[in-house]
2 protein chains.
Amino acid sequence: MHILLLVAHGSRRQESNLEIESLSKKIAKIESKEFDKVMPAFLEFASPSIPEAIKKCSEIGAAKVTILPYFLSAGVHITRDIPNEISEASQNTPGLDIQIANYFGSRDEIAEILMKTALDIK
Amino acid sequence: MHILLLVAHGSRRQESNLEIESLSKKIAKIESKEFDKVMPAFLEFASPSIPEAIKKCSEIGAAKVTILPYFLSAGVHITRDIPNEISEASQNTPGLDIQIANYFGSRDEIAEILMKTALDIK
């Protein structure tokens, strides 16, 4: 089983964390031969944390986990915090193959979507 | 003149702020009849701040500014911090028409792009 872990920053505001859960469900509805399950995880302010989510993946029988960082730019969370958390968590799940996707903000489509967002209030 | 202000969180990591400047230039290259100029602004850790950028827009002769929040979820920055900063700044620029676009994370396209990002490491 291959699980996709949508990793978001997390917010003090619960509605914002619910948005991530809802996005995770939306991604799960997109047909893909690759992923059997999509789950959310949070760096701060919400649960599950990244280590908790990775442990859960292992417990429910995942062989592989793809971490998908839902962050806009390559700040310290991307360069340091998330890799550190994954590295720690992976020591407790030796059989689990963990890979990290590029962060969301690296996508070329973003400029175009931002322009559409700006024009949508006209 | 109508200026589009791309408002990002800002990072302690300078490379991350440069990504936003580069994104702002990329948006400026998209043809639009609506916007004459695209500029970045930051909530924290980088300059110009939102009030600084709004002041600048007014000084260079903008009649209208559209604030485009480059944030993924409707956390406290979207619901409180950005509106507060805009409200304060607008008191010093009485002739300037300021409107706020929806935040980036509200876009429907995001789930699909996230799935593509996850699949791109295969």
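Going 7 Å from Cα along the Cα-Cβ axis for the label, what nanometre distances separate residue A:116 from the same residue across the other copies?
Its label point is 1.0 nm from the equivalent points in the other copies.
Mean shadow of region B:70-122, computed from the convex hull of its alpha carbons, in nm²?
Result: 4.8 nm².
If you take the C-alpha gyration tensor of the protein assembly as shown, multiply each eigenvalue by 5 and take the square root, what semi-axes do you get, largest first, in whole Å?
Numbers: eigenvalues 258, 60, 45 Å².
In descending order, the three semi-axes are 36, 17, 15 Å.
So for region B:2-119, Kirkwood radius off the Cα pairs, Stokes-Einstein at 4 °C and 1.567 mPa s: how many µm² s⁻¹?
Values: Rh = 14.9 Å.
The Stokes-Einstein estimate is 87 µm²/s.
Going by a ≥ b ≥ c, the root eigenvalues of the Cα gyration tensor, does region B:1-55 fall in the rounded group (a/c under 1.5), the prolate group (a/b larger than b/c) or the oblate group?
Note, shape of region B:1-55 comes out oblate.
I need the inter-copy label distances for residue B:88: point set 7 Å along Cα to C-beta, values in nm with one decimal, smallest first.
Copy-to-copy label distances at residue B:88, shortest first: 3.4 nm.
So which helices of chain A fit the span-like rule, where a helix is a whole DSSP H run, its Cα atoms reach 20 Å or more along the axis, and its mean Kyte-Doolittle is at least -1.0?
Result, helices passing both filters: A:14-29.
Can you list the copy-to-copy distances for residue B:102, using a point 7 angstrom from Cα toward Cβ, in nanometres, shortest first?
With the label placed 7 Å along Cα→Cβ, residue B:102 yields 2.6 nm.
Taking only DSSP H segments of four or more residues, each worth -39500 (n - 2.57), what value at 222 nm results for chain A once the sum is divided by all its residues, to the nearest 500 deg cm²/dmol?
-11000 deg cm²/dmol
From other protein chains only, count the Cβ atoms within 10 Å of every residue's Cβ in B:72-82, then give the mean.
5
Which entries in the list B:25/B:64; A:26/B:26; A:26/B:64; B:29/B:64; B:29/B:55 go over 31 Å, if you measure between the two C-alpha atoms of each?
Numbers: B:25/B:64 19 Å; A:26/B:26 28 Å; A:26/B:64 36 Å; B:29/B:64 19 Å; B:29/B:55 24 Å.
Where the Cα-Cα span goes over 31 Å, the pairs concerned are A:26/B:64.
With a cut-off of 13 Å, note down the residues of region B:49-68 whose backbone N falls inside the zone around a label point 7 Å from the Cα of residue B:14 toward its beta carbon.
none
Determine, from the Cβ-Cβ distance of residue B:102 and residue A:92 and an R0 of 45 Å, the FRET efficiency 1/(1 + (r/R0)^6), rounded to the nearest 0.05.
The pair residue B:102/residue A:92 has a calculated efficiency of 0.65.
Readers should treat all values here as calculations from the given coordinates under stated rules, not as data from a laboratory. Keep in mind that this is a model prediction, so the values were computed, not measured. In this analysis, Cβ positions are derived from the backbone assuming ideal geometry, glycine residues included, and neighbour counts consider all displayed protein chains.
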